[in-house]
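S.K.: One structure coming up, written as structure tokens, with questions to follow.
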Amino acid sequence: MLEEIKQETLERMEKSISSLESSLQKIRTGRANPSLLDAIQIDYYGNMTPLSQVSNISVQDAKTLLISPWEKNLVPDIEKAIQSSDLGINPATSGDVIRVILPDLTEETRRDLIKVAKSEAENSKIALRNQRRDANGLLKEYLKEKEISEDDERRGQEIIQNLTDDFISKVEQLLELKEKDLLEI
């Protein structure tokens with residue numbers, strides 16, 4: 001019983017961490033990364049489709065992304081989608097290839113991006129605490145139904161608390177790495 005609760009909580013907490021990692025990847029740093037364009041979608045034959053599913057996105061150099069659409073007629077749509085995104089970048093088209101040159105980040109922009117990263121980290125911590133609360137609620141329910149003893153409940157709460165502490169420290173480490181990455185010039 002305790003092992004099932006621990007395993008389920010562990011899986012949910014790992015999902016929270018992977019969600020945080022993907023959120024942090026989308027925050028722009030000074031370097032080009034294809035995942036920056038993950039949120040961009042274009043109208044592809046009437047369906048909103050992620051850019052990565054209609055083109056090849058590669059890193060040309062440290063500050064340039066190269067987008068090669070699979071169909072030439074998509075070039076204007078891709079340009080429009082990138083310009084209207086909240087990334088603050090402008091694409092440059094040469095033939096059937098689109099280059100996205102990332103401008104240098106200003107100090108103010110870096111600080112704003114750090115705030116966004118901290119907000120994402122805080123949301124993850126809240127999710128982890130909610131998962132702890134849910135697991136402890138299950139333990140209390142099992143105790144009330146006399147399926148586990150008080151000692152088992154207490155032991156289960158300690159296990160869940162240790163899991164929560166471990167995952168919160170992982171969140172802190174991820175945030176620290178992202179801050180270093182953002183402040184790096």
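The values are calculated or read from the model by the stated rules, or taken from the named source; none is laboratory data. Quantities reported herein were computed from a predicted structural model and do not represent experimental measurements. Note that we place each Cβ from the backbone using ideal geometry, even for glycine, and neighbour counts take in every protein chain shown.
S.K.: Return a yes/no flag: does segment 60-79 have any residue that is at pLDDT 85 or above, within 28 Å of residue 182 (Cα to Cα) and in a helix (DSSP H, G or I).
M.R.: yes
S.K.: Looking at (1) in contact with a Gly (Cβ under 6 Å, 6 or more places away or on another chain); (2) free of Cβ contacts under 8 Å to residues at least 24 places away in the same chain, which is the only condition residue 105 fails?
M.R.: (2)
S.K.: Moving on. Would you point out the residue of segment 86-120, among those that are of a type in the set (Gly, Ala, Ser) and outside any helix (DSSP H, G or I), that is farthest from residue 57 (Cα to Cα)?
M.R.: Filtering segment 86-120 for residues that are of a type in the set (Gly, Ala, Ser) and outside any helix (DSSP H, G or I), the one farthest from residue 57 (Cα to Cα) comes out as 88.
S.K.: Is one or more of the residues making up segment 93-101 farther than 30 Å from residue 166 by Cα and buried (at least 16 other Cβ atoms within 10 Å of the Cβ)?
M.R.: The answer is yes; a qualifying residue exists.
S.K.: Follow-up. Contact list please: Cβ distance under 6 Å, first residue in segment 163-185 and closer than 18 Å to residue 22 by Cβ, second residue outside any helix (DSSP H, G or I) and not acidic (Asp, Glu), pairs at least six apart or on different chains.
M.R.: 181/29; 182/29
S.K.: So, in segment 142-153, of the ones that are surrounded by 12 or more Cβ atoms within 10 Å (Cβ to Cβ) and without any contact (Cβ under 8 Å) to a residue 60 or more places away in the chain, which residue ends up farthest from residue 16 (Cα to Cα)?
M.R.: So, considering only residues that are surrounded by 12 or more Cβ atoms within 10 Å (Cβ to Cβ) and without any contact (Cβ under 8 Å) to a residue 60 or more places away in the chain, the one farthest from residue 16 (Cα to Cα) is 143.
S.K.: Now for a separate question. Given 67, 82, 78, which one is within 21 Å of the chain's Cα centre (by Cα), surrounded by 17 or more Cβ atoms within 10 Å (Cβ to Cβ) and either among the polar types (S, T, N, Q) or not assigned by TED's automatic domain parsing to the domain that holds residue 15 (or both)? Walk me through it before giving the result.
M.R.: Working: 67 fails: within 21 Å of the chain's Cα centre (by Cα); 78 fails: within 21 Å of the chain's Cα centre (by Cα).
Exactly one residue qualifies, and that residue is 82.
S.K.: Filter segment 3-45 for residues that are assigned to a loop (DSSP other than H, G, I, E, B) and within 25 Å of residue 115 (Cα to Cα) and give the result.
M.R.: The answer is 26, 27, 28, 29, 30, 31, 32, 33, 38, 39, 40.
S.K.: Next question. Take residue 126 and tell me if it is crowded, with 16+ Cβ neighbours inside 10 Å, β-branched (Val, Ile, Thr) and in a helix (DSSP H, G or I).
M.R.: Here the answer is no, as residue 126 does not meet what is asked.
S.K.: Looking at segment 46-59, which of its residues are of a type in the set (A, V, I, L, M) and either over 16 Å from residue 96 (Cβ atoms) or assigned to a helix (DSSP H, G or I) (or both)? Steps first, please.
M.R.: As a first pass, look at segment 46-59 and keep what is of a type in the set (A, V, I, L, M): 48, 51, 54, 57, 59.
48, 51, 59, listed by residue number.
S.K.: Turning to a different aspect of this structure: Taking residue 89 as the residue in question, decide whether it is on the phi < 0 side of the Ramachandran plot, assigned by TED's automatic domain parsing to the domain that holds residue 53 and at pLDDT below 90.
M.R.: Spelling it out, residue 89 is indeed on the phi < 0 side of the Ramachandran plot, assigned by TED's automatic domain parsing to the domain that holds residue 53 and at pLDDT below 90.
S.K.: Still on this model: For segment 113-123, does any single residue satisfy the condition of being of a type in the set (D, E, K, R), closer than 27 Å to residue 53 by Cβ and touching a residue at least 12 places away in the same chain (Cβ under 8 Å)? Steps first, please.
M.R.: Narrowing segment 113-123 to residues of a type in the set (D, E, K, R): 115, 118, 120, 122.
If we keep only those that are closer than 27 Å to residue 53 by Cβ too, we end up with 120.
Checking which are touching a residue at least 12 places away in the same chain (Cβ under 8 Å) leaves us with 120.
Within segment 113-123, one or more residues are of a type in the set (D, E, K, R), closer than 27 Å to residue 53 by Cβ and touching a residue at least 12 places away in the same chain (Cβ under 8 Å).
S.K.: Quick test of your reading of the structure: residue 161 fulfils all but one of (1) under 20 Å from the mean Cα position of the chain (by Cα); (2) more than 27 Å from residue 52 (Cβ to Cβ). Name the failing condition by number.
M.R.: All conditions pass for residue 161, except number (1).
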